[in-house]
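The values are calculated or read from the model by the stated rules, or taken from the named source; none is laboratory data. From a predicted model like this one, the values you see are computed outputs, not experimental measurements. We place every Cβ from the backbone using ideal geometry, glycine too, and count neighbours over all the protein chains shown.
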Amino acid sequence: MAKVADAQTPQPVMATVRFESPPVSDIALGALTFVLHDLRDPGNVGTIIRSAHAAGASAVVLTGQSVDPFNPKTLRSTAGSVFHTVVSVADFDETLTHFESLGATTWATVVHGGTTLLQCDLSGPSVVVIGNEAHGLDSAAIERCSARLSIAMEDSIESLNAGVAASLIAFVARWQARGEIASPIRSSLGTV
């Protein structure tokens with residue numbers, strides 16, 4: 001067991017399983033879909049799959065040079081959510097074209113210059129694109145999306161962890177879709 005397992009202290013059970021990644025054209029439009037473009041960290045991808053499941057997102061699609069969503073580290077970090085969430089590997093442009101043709105708004109996540117998360121309307125079908133941990137989304141990917149989304153934070157921090165950012169977005173989208181918070185949130189003081 002120690003020889004074939006990738007963990008230092010493996011569980012006493014092991015199996016070989018074939019995972020089928022559905023083609024993006026078979027994924028139905030839901031309230032929220034994540035597209036992970038060039039994400040390289042298995043822990044981040046697993047965290048996003050887990051948060052997507054917890055918030056009721058319909059799918060997670062990996063594009064570009066993203067990590068294999070079925071590698072052992074990613075699977076462990078999903079804590080089983082990979083078995084309850086549609087996970088697909090597809091071409092970036094094909095993915096956005098598919099969801100846009102179904103009426104989704106495509107949101108590029110950017111550190112600065114986007115509509116702040118609490119001002120975004122994520123109550124309808126939304127596809128949120130999360131970029132590479134070190135470099136974010138390149139300009140072509142940002143331009144390909146129909147809108148930009150930023151999470152307001154202190155000036156002294158460069159950016160948020162991709163898994164944390166996606167988790168925040170997932171739950172704001174859930175709360176908006178269920179009418180638990182306004183979409184977008186409006187402050188009685190005029191600013192948020």
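Structural remarks
- Test result for Ser51, among the small types (Gly, Ala, Ser), over 22 Å from Asp121 (Cβ atoms), in contact with a helix residue (DSSP H, G or I) (Cβ under 8 Å, 6 or more places away or on another chain) and modelled with pLDDT of 95 or more: no
- Filtered by the rule that a residue be among the polar types (S, T, N, Q), without any contact (Cβ under 8 Å) to a residue 40 or more places away in the chain and under 17 Å from Leu32 (Cβ atoms), segment 46-77 gives Ser58, Thr63.
Here is a yes/no grid of residues against (1) in contact with a helix residue (DSSP H, G or I) (Cβ under 8 Å, 6 or more places away or on another chain); (2) in a strand (DSSP E or B); (3) surrounded by 10 or more Cβ atoms within 10 Å (Cβ to Cβ); (4) without any contact (Cβ under 8 Å) to a residue 40 or more places away in the chain:
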| position | (1), (2), (3), (4) |
| --- | --- |
| Val4 | no, no, no, yes |
| Pro12 | no, no, no, yes |
| Arg18 | no, no, no, yes |
| Thr33 | yes, yes, yes, no |
| Asn44 | yes, no, yes, no |
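- Criterion violated by Ile181 - all others in (1) in a helix (DSSP H, G or I); (2) of a type in the set (A, V, I, L, M, F, W, C); (3) over 14 Å from the mean Cα position of the chain (by Cα) satisfied: (1)
- Only one of the listed residues (Ser146, Ser126) is on the phi < 0 side of the Ramachandran plot, among the small types (Gly, Ala, Ser) and surrounded by 15 or more Cβ atoms within 10 Å (Cβ to Cβ). That residue is Ser126.
Yes/no per residue for (1) surrounded by fewer than 23 Cβ atoms within 10 Å (Cβ to Cβ); (2) of a type outside the set (A, V, I, L, M); (3) in a loop (DSSP other than H, G, I, E, B); (4) modelled with pLDDT under 95:
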position: Val60; (1), (2), (3), (4): no, no, no, no
position: Ser77; (1), (2), (3), (4): yes, yes, no, yes
position: Glu94; (1), (2), (3), (4): yes, yes, no, no
position: His98; (1), (2), (3), (4): yes, yes, no, no
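- Filter result (closer than 23 Å to Thr16 by Cα and β-branched (Val, Ile, Thr)) within segment 62-112: Val67, Thr74, Thr78, Val82, Thr85, Val86, Val87, Val89
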